[in-house]
Every structure is written in C-alpha cells, then in structure tokens.
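Just so it is clear, none of the values below were taken in a lab; they were calculated from the coordinates. Keep in mind that this is a model prediction, so the values were computed, not measured. All Cβ positions, even for glycine, are placed from backbone atoms using ideal geometry, and neighbour counts span all protein chains on display.
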C-alpha cells in the first residue's frame, strides 16, 4: 500500500466466507431460504450435486447450526431440512449477492452449457418462500 499500512483480515469474516463459500453450500442455503425441503427435493433443485456431497454439506450446515434436520415419525419416516434462525439471517446477504449477480454475472450460453437438459429456473430472491 502507498501509506505502508497493511489491511487486516477479520477472522470472523474469513471463517464465514470460507463456510458459506464452500462448493454447493450457497446453493443449498439459497434453496432452503425459499422452503424447507426433503433430501430428494434438494438434490433435484441443485444441478450436478451428488448424493454424497449433498449429505456432507447438510451435515456440515447442521453442525454449524445453520439448518436443522427434522425427522417426521410417519411410516415411512420422512426427513426434512429447514434453516434455523441463524440460517435465515443469511437472507439479507443472499439477496445482496443475488442483486450483484443480476448486474454483473453472465451465464454461459446454452451451447456452452455442455448439453444440460434441465430448463432454466425462474429468477427469485432468496427470501421468496414457497406457500406449499
């Protein structure tokens, strides 16, 4: 720097950005900001994620207190994932990232998308939740 001052990295910010910035984590949180989901619904909503990676990320987010795993004792047993208060507090940050992305991020053309067959998803803010 010109004045010789070296900016200091905030350890909390660094830890948060490393946690949220892990591959697939942002996508999982984005989907869960819209609605609680079962595992299969999350897998379907997030293109190219493997069962193993989804399972690992869900466990990490649960350990961090960002989401909770809800077991519904029916026959057969159902499991749903829902953001905690701590996880829902990320909505403001995700909305800001979404606005930034709308302005600055370009999505590859369909031909460059390596033949993906899924149709594009409608644009939604992170806070929009399903009423179903």
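General remarks:
- Residue satisfying all of: in segment 28-40; out of contact with any helix residue (DSSP H, G or I) (no Cβ under 8 Å at 6 or more places or on another chain) and not in a loop (DSSP other than H, G, I, E, B); nearest to residue 89 (Cα to Cα) among these: 34
- Residue list for segment 41-88, restricted to those being in a loop (DSSP other than H, G, I, E, B) and surrounded by fewer than 13 Cβ atoms within 10 Å (Cβ to Cβ): 47, 48, 50, 65, 73, 74, 75, 76, 77
- Taken over segment 65-92, the criterion of being within 17 Å of the chain's Cα centre (by Cα) and without any contact (Cβ under 8 Å) to a residue 12 or more places away in the chain is satisfied by 85, 89, 92.
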